[in-house]
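Okay, so here's the structure we're looking at.
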Amino acid sequence: MAVLLGPFLVLTFCLSQALRDVYFGSVFQHVGFFAVILIAFSLSTVIFGAVTAVRTPGALGILRDQLSTVLAINVTTALAWTCYFFALTHLEPSIVNTVHSGMGPLTVIALAACRVRLAKPSVMRRGERFAYAGIALSLAALWWVVLSGNSGLPDASHATNLVGLVLLMISGSSITISLLYCKRLHDLGVSAEAVTAVRYLLLILVAAGVEAFKGRMEGVGDFGGLATLSMAATALIVLPLFALQVGIALTAPLTAHVIRSLGPVCVFALEQIDGRVVYSTPTLVCILAYSAAAIASNLSHGWPHAIRRQPDIVVTAKNS
């Protein structure tokens, strides 16, 4: 059972994110997304901050010595989530999830081509190149689906669709850069809980400023509405982040990446219950193409490493 716990938690994260995108995509039609940002990430900061204070208080000293990295994480994280939630307000949830996710590996490739050293360089095999080309083509096809009016939300304006797609590219690139900076802190011994406790501070300040300027939390009329959003944010944003951290720690990297590549398919399946979204065959075809290319890239990159590590895996299994 312990062997299955990690993959189960990663799969749970994928399903919860599908629910998150479909649920909040609908909620954002009458609730301002900055209100949701303020509630969700304030909760996340408080919860993981308390965990850090109890479990790894020494991490705060390391974070004080890495203020430039913490600032970079905050700026890129704030940019990523703001752009993502704007796109989720106006575009089909499965397309939002796919483009955002697909920008991750493409951003890493672009950074390497520009000789920006945010991550350790690795050799790219021929199979990976073809797979990454497939990811890029599938994302380009999704742009065509949206701009040609063939998505599951065909009535949105052309200008809004274009802005949403551009912001998705920014969100996917920004969150990737943010995670690369987070990796720097992890390499210095900072726990995932401590990083999570400080990475949303600027995002919270921006959301609080927007809501203060408005004078009220748009769409949150009473305590009942606030409580509902708080519970939804905890269940669909805060807890899944923790589940992902634990799941990745307990799961082989190749397995975790393959499972996460299926996330957009889960979103497409669940968004069919959203009354705003109509079934779109072009969207489904592009998402399946993306997932296939993403799985192929993970297999091409991870399979040789898995084979080389096989003796260690056998020894570990015997020792357990």
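The values are calculated or read from the model by the stated rules, or taken from the named source; none is laboratory data. These figures come from a predicted structure and were not determined experimentally. Reconstructed Cβ throughout: ideal geometry from the backbone, glycine too, with neighbour counts over all protein chains shown. Surface areas here come from the heavy atoms of the whole protein model, side chains and all, with no ligands, DNA or RNA. Shrake-Rupley method; radii C 1.70, N 1.55, O 1.52, S 1.80 Å.
For the reader, a short list of remarks on this structure follows.
- The conditions of being in contact (Cβ under 8 Å) with a residue 12 or more places away in the chain, in a helix (DSSP H, G or I) and not hydroxyl-bearing (S, T, Y) are met by V70.
Listed here are the residues, each with its yes/no results for (1) touching a Leu at 6+ places or on another chain (Cβ under 7 Å); (2) at pLDDT below 80.
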site: A110; (1), (2): no, no
site: K120; (1), (2): no, yes
site: R126; (1), (2): no, yes
site: F130; (1), (2): no, no
site: A136; (1), (2): yes, no
site: V146; (1), (2): yes, no
site: L153; (1), (2): yes, no
site: H158; (1), (2): yes, no
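- Test: residue in region 83-93 that is under 21 Å from V277 (Cβ atoms) and free of Cβ contacts under 8 Å to residues at least 60 places away in the same chain: no
- For region 19-65, the set of residues classified as charged (D, E, K, R), in contact (Cβ under 8 Å) with a residue 40 or more places away in the chain and surrounded by fewer than 18 Cβ atoms within 10 Å (Cβ to Cβ) consists of R55 only.
- Residue pairs whose Cβ atoms lie under 7 Å apart, separated by 6 or more positions or on different chains, with the first residue in region 95-121 and on the phi < 0 side of the Ramachandran plot and in a loop (DSSP other than H, G, I, E, B) and the second modelled with pLDDT of 90 or more and hydrophobic (A, V, I, L, M, F, W, C), are L118/I177.
- For region 66-79, filtered to residues that are among the polar types (S, T, N, Q) and over 22 Å from A40 (Cβ atoms), the residue that is least open to solvent (accessible area, probe 1.4 Å) is T69.
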